[in-house]
Amino acid sequence: MSNSVIIENANAFLDFEKNKVQTLSLDQLRRTHKENDVYGNPLKGVYHYELIERLSNLASDHNYNVEIYDMFAAQNKDRNTPGVVILPQVEQQMGEKAVEAHILRRVFTNIRLKDFDDDTYTTNLAVAFHQGGIQVGFGNMVKICHNQCMLNADHYISTYSEKGQGRGFGSTIEEIYAKVNEWLTNSERSLMNERARIERMKSITLAAEQIFIIIGMLTAIRVKCDSHIKEIRENRQYPLNSSQINQFTEMLLKKQYDNERISVWDLYNTATELYKADSADIPSLLPQNRAMVSFLTEQFSI
């Protein structure tokens, strides 16, 4: 179920304090206030809308049929660098909640490539722009629910070091463009390999006991990652946080009640329901997704 709020007035946003996640258009994103460094350059090396436009144009240059599938902006709880800032002086000129009065620091976009569509899947570039940096992922997406698949670990790149990667990890903006261009060049083979992998996941059926063991293992991973006890603490990205594990368990139990048969694909697709910008923290979406794929690969050799 989506928790995002659709903005009907193109000239004004709703109150981000009341509606922490809102959908918007690329045109609205272009019109928001540009955040610069002391030299007048984009704070992250590129404006969010420029990043999305450049990646969309890269796909178009490969003759793909491209559209902005989803775009979300989100507020967060950081008082020092909130996801959304409103400039009162601009509001005075442009009106209350005017698009132009907003600085948006937390944006997630799905760029859809329609060329490999079938009845179930489409293709997607997932772009996260936030206070920590920039992340981009590429792969299949489940059409009906917009669930991103991150089945190829190499189809992910970011501008900053993340949990478990150590210092010095991170790519420049130009390296991101080059890597995405590489993905697009080899897209057909990699996407078909992913879909074959999905079919293998669907073929592996799990007994109820196995499902409970998986839930227990995911809980233990989360506890170790968040623990203050150095002897058990692990520096890695967990697939699900505490709240997500509760939701994941409930959804799986419901699926089991409805269908009896649960596959590895059901496990993964249930998790991807939780990796969405309108219901989870944007910087964690793609890393958690990759972490779940890594976990399932270790357990089932998918």
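The values are calculated or read from the model by the stated rules, or taken from the named source; none is laboratory data. This structure is a prediction, so every number in the text was calculated from the model and none was measured. Glycine also receives a Cβ, built like all others from the backbone with ideal geometry; neighbour counts cover every protein chain displayed. Heavy atoms of the whole protein, side chains included, go into the accessibility calculation; ligands, DNA and RNA do not. Shrake-Rupley method; radii C 1.70, N 1.55, O 1.52, S 1.80 Å.
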Q: Would you mention how many residues in the stretch 254-290 are more than 19 Å from the chain's Cα centre (by Cα), open to solvent by 60 Å² or more (accessible area, probe 1.4 Å) and touching a residue at least 40 places away in the same chain (Cβ under 8 Å)?
A: 1
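Return the residues of the stretch 20-42 that are in a loop (DSSP other than H, G, I, E, B) and under 21 Å from the mean Cα position of the chain (by Cα); say none if nothing qualifies.
Step one: list which residues in the stretch 20-42 are in a loop (DSSP other than H, G, I, E, B), which gives 20, 24-25, 32-35, 37-41.
Within the stretch 20-42, 20, 24, 25 meet the criteria.
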Q | Test result for residue 123, modelled with pLDDT of 95 or more and either buried (at least 16 other Cβ atoms within 10 Å of the Cβ) or small (Gly, Ala, Ser) (or both) | A | yes
Q. When residue 211 is evaluated against the numbered criteria (1) closer than 20 Å to residue 293 by Cα; (2) loosely packed, with under 13 Cβ neighbours inside 10 Å, which criterion, by number, is the only one it fails?
A. (2)
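Identify all residues within the stretch 225-242 that are open to solvent by 70 Å² or more (accessible area, probe 1.4 Å) and without any contact (Cβ under 8 Å) to a residue 40 or more places away in the chain; write none if there are none.
First, pick out the residues of the stretch 225-242 that are open to solvent by 70 Å² or more (accessible area, probe 1.4 Å): 228-233, 235-236.
The answer is 228, 229, 230, 231, 232, 233.
Filter the stretch 43-55 down to residues that are in a helix (DSSP H, G or I) and touching a strand residue (DSSP E or B) at 6+ places or on another chain (Cβ under 9 Å) and give me whichever is farthest from residue 94 (Cα to Cα).
Residues of the stretch 43-55 that are in a helix (DSSP H, G or I), as a first pass: 48-55.
If we keep only those that are touching a strand residue (DSSP E or B) at 6+ places or on another chain (Cβ under 9 Å) too, we end up with 48-52, 55.
Numbers: 48: 22, 49: 21, 50: 23, 51: 26, 52: 25, 55: 30 Å.
Ranking the candidates gives 55 first.
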Q) Taking only pairs six or more apart or across chains, which ones have beta-carbon atoms under 8 Å, a first residue in the stretch 1-26 that is surrounded by 19 or more Cβ atoms within 10 Å (Cβ to Cβ), and a second residue that is at pLDDT below 85 and of a type outside the set (Ser, Thr, Tyr)? A) 13/7; 21/3; 21/5; 22/5; 22/6; 22/7; 24/7
